[in-house]
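Down below is the structure, laid out as C-alpha coordinates.
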Amino acid sequence: MYQNQIAKKGEILTETKKYVMSGKDKLIAAYILIGFLIQFFMLFFFCNWANLDIVMYLGFLCLAISAILILLSYILKKEGEMEEEKGFVTTKLVDTGIYGVVRHPIYLSLAYLFIGFALISQHPLSLFLGFTMVLLCYYYMIEEEKLTIEKFGEEYLHYMNKVPRSNLLLGIWRVFKR
(Lines give C-alpha, C1' and ligand atoms only; values in the text may rest on other atoms or scores of the structure.)
Protein backbone atom coordinates (compact mmCIF):
# COMPACT_ATOMS: atom_id res chain seq x y z
CA MET A 1 0.00 0.00 0.00
CA TYR A 2 2.73 2.47 0.98
CA GLN A 3 5.46 0.70 -0.96
CA ASN A 4 5.73 3.40 -3.62
CA GLN A 5 6.14 6.10 -0.97
CA ILE A 6 9.47 4.95 0.41
CA ALA A 7 12.79 5.99 -1.01
CA LYS A 8 14.97 3.63 -3.02
CA LYS A 9 17.15 1.26 -1.04
CA GLY A 10 19.96 3.23 0.56
CA GLU A 11 17.99 6.48 0.36
CA ILE A 12 15.90 5.91 3.47
CA LEU A 13 16.31 8.81 5.84
CA THR A 14 19.01 8.29 8.42
CA GLU A 15 18.43 11.68 9.94
CA THR A 16 15.15 13.27 10.89
CA LYS A 17 13.94 16.02 8.59
CA LYS A 18 12.71 19.13 10.32
CA TYR A 19 8.94 19.10 10.07
CA VAL A 20 7.43 22.45 9.20
CA MET A 21 3.74 22.90 9.88
CA SER A 22 1.72 23.97 6.87
CA GLY A 23 -1.04 26.53 7.11
CA LYS A 24 -3.59 23.71 7.10
CA ASP A 25 -1.78 21.98 9.98
CA LYS A 26 -1.71 25.21 11.98
CA LEU A 27 -5.43 25.70 11.41
CA ILE A 28 -6.19 22.12 12.49
CA ALA A 29 -3.97 22.47 15.57
CA ALA A 30 -5.74 25.72 16.51
CA TYR A 31 -9.15 24.06 16.06
CA ILE A 32 -8.09 21.17 18.30
CA LEU A 33 -6.71 23.50 20.97
CA ILE A 34 -9.78 25.74 21.00
CA GLY A 35 -12.10 22.73 20.85
CA PHE A 36 -10.26 21.12 23.76
CA LEU A 37 -10.60 24.28 25.85
CA ILE A 38 -14.30 24.62 25.03
CA GLN A 39 -14.93 20.95 25.85
CA PHE A 40 -12.97 21.25 29.10
CA PHE A 41 -14.96 24.24 30.31
CA MET A 42 -18.22 22.64 29.21
CA LEU A 43 -17.49 19.81 31.65
CA PHE A 44 -18.06 22.24 34.51
CA PHE A 45 -21.12 24.00 33.12
CA PHE A 46 -22.89 21.16 31.31
CA CYS A 47 -21.79 18.00 33.11
CA ASN A 48 -24.34 15.28 32.38
CA TRP A 49 -26.44 17.79 30.39
CA ALA A 50 -28.75 15.08 28.98
CA ASN A 51 -28.94 13.38 32.38
CA LEU A 52 -27.68 10.03 31.05
CA ASP A 53 -25.64 8.67 33.93
CA ILE A 54 -24.38 5.55 32.12
CA VAL A 55 -23.07 7.72 29.27
CA MET A 56 -21.30 9.96 31.77
CA TYR A 57 -19.65 6.91 33.40
CA LEU A 58 -18.52 5.72 29.97
CA GLY A 59 -16.95 9.15 29.53
CA PHE A 60 -14.98 8.70 32.75
CA LEU A 61 -13.87 5.28 31.49
CA CYS A 62 -12.62 6.95 28.29
CA LEU A 63 -10.66 9.47 30.37
CA ALA A 64 -9.07 6.62 32.34
CA ILE A 65 -8.10 4.82 29.12
CA SER A 66 -6.67 8.09 27.80
CA ALA A 67 -4.53 8.55 30.92
CA ILE A 68 -3.24 4.98 30.77
CA LEU A 69 -2.33 5.29 27.09
CA ILE A 70 -0.44 8.54 27.54
CA LEU A 71 1.45 7.24 30.58
CA LEU A 72 2.46 4.05 28.78
CA SER A 73 3.61 6.12 25.79
CA TYR A 74 5.85 8.35 27.90
CA ILE A 75 7.33 5.38 29.77
CA LEU A 76 8.79 4.13 26.47
CA LYS A 77 10.34 7.50 25.65
CA LYS A 78 13.92 6.25 26.13
CA GLU A 79 13.44 3.14 23.97
CA GLY A 80 13.08 5.32 20.88
CA GLU A 81 16.51 6.78 21.65
CA MET A 82 15.08 10.28 21.77
CA GLU A 83 17.34 13.24 22.12
CA GLU A 84 16.17 15.66 24.81
CA GLU A 85 16.46 18.79 22.66
CA LYS A 86 14.41 17.24 19.85
CA GLY A 87 11.33 16.35 21.92
CA PHE A 88 9.49 13.31 20.55
CA VAL A 89 11.78 12.68 17.59
CA THR A 90 13.03 9.09 17.67
CA THR A 91 16.01 7.55 15.97
CA LYS A 92 14.86 3.98 16.56
CA LEU A 93 11.51 2.34 15.80
CA VAL A 94 9.77 1.32 19.03
CA ASP A 95 7.52 -1.71 18.66
CA THR A 96 7.29 -2.91 22.25
CA GLY A 97 4.95 -2.09 25.11
CA ILE A 98 1.96 -0.01 24.08
CA TYR A 99 3.60 0.50 20.66
CA GLY A 100 3.27 -3.26 20.16
CA VAL A 101 -0.50 -2.90 20.66
CA VAL A 102 -1.27 0.26 18.62
CA ARG A 103 0.96 2.37 16.38
CA HIS A 104 -0.28 5.76 17.61
CA PRO A 105 -1.03 5.59 21.35
CA ILE A 106 -0.62 9.33 21.88
CA TYR A 107 -3.13 10.30 19.19
CA LEU A 108 -5.41 7.51 20.40
CA SER A 109 -5.10 8.91 23.92
CA LEU A 110 -6.21 12.31 22.65
CA ALA A 111 -9.14 10.73 20.82
CA TYR A 112 -10.27 8.98 24.03
CA LEU A 113 -9.88 12.27 25.89
CA PHE A 114 -12.12 14.11 23.42
CA ILE A 115 -14.68 11.28 23.46
CA GLY A 116 -14.60 11.23 27.26
CA PHE A 117 -15.21 14.97 27.50
CA ALA A 118 -18.11 14.70 25.05
CA LEU A 119 -19.72 11.79 26.89
CA ILE A 120 -19.38 13.45 30.29
CA SER A 121 -20.78 16.77 29.08
CA GLN A 122 -23.40 15.29 26.72
CA HIS A 123 -24.01 18.76 25.27
CA PRO A 124 -24.51 18.82 21.47
CA LEU A 125 -21.64 21.31 20.97
CA SER A 126 -19.28 19.12 22.98
CA LEU A 127 -20.40 16.04 21.04
CA PHE A 128 -19.77 17.82 17.73
CA LEU A 129 -16.35 19.09 18.81
CA GLY A 130 -15.39 15.67 20.16
CA PHE A 131 -16.41 13.89 16.96
CA THR A 132 -14.56 16.30 14.68
CA MET A 133 -11.43 16.31 16.84
CA VAL A 134 -11.33 12.50 16.84
CA LEU A 135 -11.43 12.62 13.03
CA LEU A 136 -8.58 15.14 13.05
CA CYS A 137 -6.52 12.86 15.33
CA TYR A 138 -7.04 10.07 12.82
CA TYR A 139 -5.94 12.43 10.03
CA TYR A 140 -2.75 13.18 11.97
CA MET A 141 -2.12 9.45 12.42
CA ILE A 142 -2.18 8.96 8.66
CA GLU A 143 0.02 11.99 8.00
CA GLU A 144 2.56 10.90 10.59
CA GLU A 145 2.71 7.43 9.04
CA LYS A 146 3.76 8.94 5.71
CA LEU A 147 6.73 10.62 7.41
CA THR A 148 7.58 7.51 9.42
CA ILE A 149 7.58 5.30 6.33
CA GLU A 150 9.97 7.75 4.74
CA LYS A 151 12.17 7.63 7.83
CA PHE A 152 12.20 3.88 8.65
CA GLY A 153 11.22 2.32 5.29
CA GLU A 154 10.68 -1.46 5.16
CA GLU A 155 11.00 -1.82 8.91
CA TYR A 156 7.96 0.42 9.43
CA LEU A 157 5.99 -1.30 6.66
CA HIS A 158 6.53 -4.62 8.46
CA TYR A 159 5.47 -2.98 11.74
CA MET A 160 2.31 -1.65 10.05
CA ASN A 161 1.30 -5.18 9.05
CA LYS A 162 1.85 -6.44 12.59
CA VAL A 163 0.31 -3.66 14.71
CA PRO A 164 -3.02 -1.85 14.06
CA ARG A 165 -3.05 1.93 13.67
CA SER A 166 -5.53 2.70 16.44
CA ASN A 167 -7.72 -0.33 17.12
CA LEU A 168 -6.93 -1.02 20.77
CA LEU A 169 -9.02 -4.19 21.02
CA LEU A 170 -7.52 -5.71 17.87
CA GLY A 171 -4.05 -4.80 19.10
CA ILE A 172 -4.63 -6.48 22.46
CA TRP A 173 -6.05 -9.53 20.66
CA ARG A 174 -2.96 -9.76 18.42
CA VAL A 175 -0.63 -9.48 21.43
CA PHE A 176 -2.38 -12.41 23.12
CA LYS A 177 -2.27 -14.45 19.90
CA ARG A 178 1.53 -14.03 19.61
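Some points to look at:
- The residues in the range 16-55 that are within 30 Å of Thr148 (Cα to Cα) and assigned to a helix (DSSP H, G or I) can be counted, and the count is 15.
- Of the criteria (1) part of a helix (DSSP H, G or I); (2) buried (at least 16 other Cβ atoms within 10 Å of the Cβ); (3) not acidic (Asp, Glu), which one Arg103 fails: (1)
- Taking the criterion of being at pLDDT below 95 and among the aliphatic types (A, V, I, L, M), the residues of the range 43-67 that qualify are Leu43, Ala50, Leu52.
The values are calculated or read from the model by the stated rules, or taken from the named source; none is laboratory data. Because the structure is predicted, anything quoted here is derived from the model rather than measured. Glycine gets a Cβ as well: all are built from the backbone with ideal geometry, and neighbour counts include every protein chain shown.
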